[in-house]
Amino acid sequence: MKLLFIVIAFVAYLPLTAQVQTAAQQTKMNAFVSSLMGKMTVDEKIGQLNLLTGGEATTGSVVSTDVESKIKKGQVGGIFSMASVGRIRKTQELAITQTRLKIPIIFGMDVIHGYKTMFPIPLGLSCTWDMELMEASARIAAIEATADGLNWTFSPMVDIARDPRWGRVSEGSGEDPYLGSAIAKAMVKGYQGADLSANNTLMACVKHFALYGAAEGGRDYNTTDMSRVRMYNEYLAPYKAAVDAGVGSVMTSFNEIDGIPASGNRWLLTDLLRKQWGFKGLVVSDYTSINEMMDHGMGDLQTCAALALNAGMDMDMVGEGFLTTLKKSLREGKVTQKAIDDACRKILEAKYKLGLFDDPYRYCDSDRAAKEIFTAAHLQKARETAAQSFVLLKNQDNLLPMKKNGSIALVGPLADAKENMTGTWSVSADFSKAISLLTGLQNAVGNKAKIRYAKGSNLTEDSLLEQRSTMFGKSLGRDKRPDSVLLKEALTIAAQSDVIVAALGEAAEMSGESASRTNIDIPDVQKKLLKALVKTGKPVVLVLFTGRPLTLVWEQQHVPAILNVWFGGTEAGNAIADVLFGDVNPSGKLTTTFPQNVGQIPLYYNHKNTGRPLAEGQWFQKFRSNYLDVSNDPLYPFGFGLSYTTFSYSDVKLSNTSLKAGQKITASVTVTNTGNKDGKEVVQLYIRDMVGSITRPVKELKGFQKIEMEPGESKKVEFTISVNDLKFYNSNLQYVAEPGDFKVFIGTNSRDVKEADFKLLH
């Protein structure tokens, strides 16, 4: 029997940021909140649990009404989707001057990847593999949002997603829990800083707790079902990382867990989140998710509201189930006064930590709003970050970078579409200030080259599908001319040009919430356009806009160069031009696997082996785990991304071939820039546990380093491996490292690696 190095499941430990209250601060806060609650009526306490929308940006069909009168009655604890210092101050004044106890309101918004200065969508941001950049993006978002009156953001979203049909894959950080955990910590630190009471920090809200990214069929809001072992090992880690980083709040998810919706799931919100992980902050529902438990079949609104409160929910977003039913449930013994008090206390504590009781208008400084939003420095950082997020998927014969001379044909429905550059979940963006690809290319070449533009096609042949895919002010302006006329126009300018840049893919709102797709090809009419452009024989560069992995087999086979630019934010056009012309060498690496076709989904690198695995390098063998019509391989593996230079890796060297508890092994490779350009490389470390008490993945990411090298330069890259890196949750949910054989892999992506072996000893 193997000796186990055991740590109890998900032991809570101190947050990593400087937000831990001292004992004296905790005592002072407790005394203040207790004193205030001693003065509050039941109605006033329940009022604090009510979160309404200000009506500017909603994600559901319900819109809050009579907000002003409810504030005056003490029936509002928080408001979201209201922006601008003027509006927020006026609203806060109602709470301070028109209510008995003058309790301030907390103001939130979905500040997902920037406030006014928009950064790449989160999936794009994750492809930088640069935690400093990610933290900086959140820091800038916090500065701008707080300068406009906000103090709470519903971010980061850390749901692990392995099904690109799910639209909200765009809003997260991909398929890997290790990388997702690192990003969660960086984003929380960026938003909250070292002092949550400072007027330029935002309370973060990690979401969606939990397992939302595992919705069946990739269909948004759908059922999720998985074992506890899988939850702990593959999905829960990023939420836990955010909690450990001191995140101030947690938002529940729409899905069910073990047959009970997350918003009413006591095991999830109390046993796991509070008791096991030690979370002390505020739990808020997602948009009307308490009400939606009725459609799940959990009972009427009163029953569902009581279920949510008893599960550990503190704040009800928009649905007003708490406001309208909790007092009745209290009278009937369905909820306790303690449960109401506990929820109210969490909300008051959040407001205390934000400094709102000291100064309810601390986020309402009009001077800050004028000076700190949309600054030149913020735009420059957004541009730099966007360029780092792009992933070069193919570059046949070094077609890229292009030269700033001659003539360039720019074709495609996304070529001159500035409203789409900010991507999904850009509710506060000023689309008019976004830089389109056309503008970015023009800015880059000036009068050195001639740029000819033609739309070439609409987004899709189906006009109704285009309407559904271009919501929230992001219309592409459908061209009513026949497809043949648009195509002819594109081919005409292509014939007159030296190189063709095809700006194709998804519109911004083809991914995101309620934007699931069963077909993840480039849309029909665009693909027809692309095939016609390739047929001209002119060199074609595909600039791919997308919020998810797409199926690109034909494109990979026939298009010489493919640059995946996601949706790069306000400065997208300038950043794309930076990369296309070689002012920036692309260094992005995929954080999601790209399948060959939709039938392979879910497809992810850290999968389990089967009892009948297909031999490596093989396609089809009878009675093995494979398909008749396509190989098991992805089109592009996790961690993949090319550069304008090349890198070589030495064999892996280990400082020791055995490891004991308390010891460490150093694994190293020498990486050499073998090309002729400066470049950045993400060196990735993976580990495989060869024998376990439960089945283990074929590879697991356990480390990465982003390095920069000049041509001809070599760098030794070292990773330290400890017993802790080998731990997993066994069938009893004990966190263990089991002695035996391990493989370590180091390489440029999850597929192309060098390997070595070591043993974990008893």
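The values are calculated or read from the model by the stated rules, or taken from the named source; none is laboratory data. Owing to the predicted nature of the structure, the values given are computational and were not obtained by experimental measurement. Cβ sites come from the backbone with ideal geometry, for glycine too, and all protein chains shown count toward neighbours.
Taking the stretch 655-664 as the region of interest, how many residues are out of contact with any Ser or Thr (no Cβ under 7 Å at 6 or more places or on another chain) and farther than 17 Å from ASN724 by Cα? Talk me through it step by step, then tell me what you get.
First, the residues of the stretch 655-664 that are out of contact with any Ser or Thr (no Cβ under 7 Å at 6 or more places or on another chain): 656-663.
So of that shortlist, the ones also farther than 17 Å from ASN724 by Cα come out as none.
The qualifying residues number 0.
Does THR592 meet the test of being surrounded by fewer than 18 Cβ atoms within 10 Å (Cβ to Cβ) and outside the structural domain of LEU179 (by TED's automatic domain parsing)?
When the stated conditions are applied, THR592 does not pass them.
Can you pull out every residue in the stretch 446-482 that is surrounded by 14 or more Cβ atoms within 10 Å (Cβ to Cβ) and touching a Phe, Trp or Tyr at 6+ places or on another chain (Cβ under 8 Å)?
LYS474
Filter the stretch 223-242 down to residues that are touching a strand residue (DSSP E or B) at 6+ places or on another chain (Cβ under 7 Å) and either of a type in the set (A, V, I, L, M) or modelled with pLDDT under 95 (or both), then give me how many there are.
Counting residues in the stretch 223-242 that are touching a strand residue (DSSP E or B) at 6+ places or on another chain (Cβ under 7 Å) and either of a type in the set (A, V, I, L, M) or modelled with pLDDT under 95 (or both) gives 2.
If ARG468 passes every condition in (1) at pLDDT 95 or above; (2) within 21 Å of THR551 (Cβ to Cβ); (3) of a type in the set (Lys, Arg) but one, which one does it miss?
ARG468 satisfies all of (1) at pLDDT 95 or above; (2) within 21 Å of THR551 (Cβ to Cβ); (3) of a type in the set (Lys, Arg) except (1).
Kindly indicate whether any position in the stretch 387-399 is in a helix (DSSP H, G or I), out of contact with any strand residue (DSSP E or B) (no Cβ under 8 Å at 6 or more places or on another chain) and without any contact (Cβ under 8 Å) to a residue 24 or more places away in the chain.
No; the residues of the stretch 387-399 include none that is in a helix (DSSP H, G or I), out of contact with any strand residue (DSSP E or B) (no Cβ under 8 Å at 6 or more places or on another chain) and without any contact (Cβ under 8 Å) to a residue 24 or more places away in the chain.
Please identify the pairs in which a residue from the stretch 45-71 that is more than 16 Å from VAL427 (Cα to Cα) has its Cβ atom under 6 Å from the Cβ atom of a residue that is at pLDDT 90 or above and among the hydroxyl-bearing types (Ser, Thr, Tyr), counting only partners at least 6 apart or on another chain.
VAL62/THR288; SER64/THR53
The conditions are (1) touching an Asp or Glu at 6+ places or on another chain (Cβ under 9 Å); (2) surrounded by fewer than 23 Cβ atoms within 10 Å (Cβ to Cβ); (3) charged (D, E, K, R), and ARG165 fails exactly one of them. Which is it?
Of (1) touching an Asp or Glu at 6+ places or on another chain (Cβ under 9 Å); (2) surrounded by fewer than 23 Cβ atoms within 10 Å (Cβ to Cβ); (3) charged (D, E, K, R), only one is false for ARG165: (1).
Quick one: count up the residues across the stretch 705-739 that are in contact with a Phe, Trp or Tyr (Cβ under 7 Å, 6 or more places away or on another chain) and not basic (Lys, Arg).
Initially, the stretch 705-739 is screened for residues in contact with a Phe, Trp or Tyr (Cβ under 7 Å, 6 or more places away or on another chain), giving 706, 723, 726-727, 729, 733, 735-737.
Keeping just the survivors that are not basic (Lys, Arg) gives 723, 726, 729, 733, 735-737.
Total meeting the criteria: 7.
Filter the stretch 644-654 down to residues that are closer than 15 Å to PHE758 by Cα and either surrounded by 14 or more Cβ atoms within 10 Å (Cβ to Cβ) or in the same structural domain as GLY588 (by TED's automatic domain parsing) (or both), then give me how many there are.
Within the stretch 644-654, residues that are closer than 15 Å to PHE758 by Cα and either surrounded by 14 or more Cβ atoms within 10 Å (Cβ to Cβ) or in the same structural domain as GLY588 (by TED's automatic domain parsing) (or both) number 3.
When you scan the stretch 528-535, do you find a residue that is surrounded by 23 or more Cβ atoms within 10 Å (Cβ to Cβ) and closer than 30 Å to GLY218 by Cα, even just one?
Yes.
So, restricting to helices (runs of 4 or more DSSP H) that lie completely within the stretch 423-539, which ones have at least 2 residues that are under 25 Å from HIS378 (Cβ atoms)?
Those helices (runs of 4 or more DSSP H) span 437-445.
Evaluate the following for THR53: is it surrounded by 14 or more Cβ atoms within 10 Å (Cβ to Cβ), at pLDDT 85 or above and either β-branched (Val, Ile, Thr) or within 25 Å of the chain's Cα centre (by Cα) (or both)?
yes
Between residues in the stretch 469-483 that are closer than 23 Å to VAL427 by Cβ and aromatic (Phe, Trp, Tyr) and residues that are at pLDDT below 95 and in a loop (DSSP other than H, G, I, E, B), which pairs lie under 8 Å by C-beta distance while being six or more apart or on different chains?
Pairs found: PHE472/VAL427.
If ASP110 satisfies all but one of (1) more than 25 Å from ALA370 (Cα to Cα); (2) under 13 Å from the mean Cα position of the chain (by Cα); (3) among the charged types (D, E, K, R), what's the number of the condition it fails?
Going through (1) more than 25 Å from ALA370 (Cα to Cα); (2) under 13 Å from the mean Cα position of the chain (by Cα); (3) among the charged types (D, E, K, R) one by one, ASP110 breaks only (1).
Step by step: first the residues of the stretch 308-324, then only those that are out of contact with any strand residue (DSSP E or B) (no Cβ under 7 Å at 6 or more places or on another chain) and under 19 Å from ARG345 (Cα atoms), then the one that is surrounded by the fewest Cβ atoms within 10 Å (Cβ to Cβ). Which residue is that?
Filtering first and then ranking leaves ASN310.
Take the residues of the stretch 204-255 that are more than 22 Å from SER289 (Cα to Cα) and of a type in the set (S, T, N, Q): which is surrounded by the fewest Cβ atoms within 10 Å (Cβ to Cβ)?
For the stretch 204-255, the residue satisfying everything is SER227.
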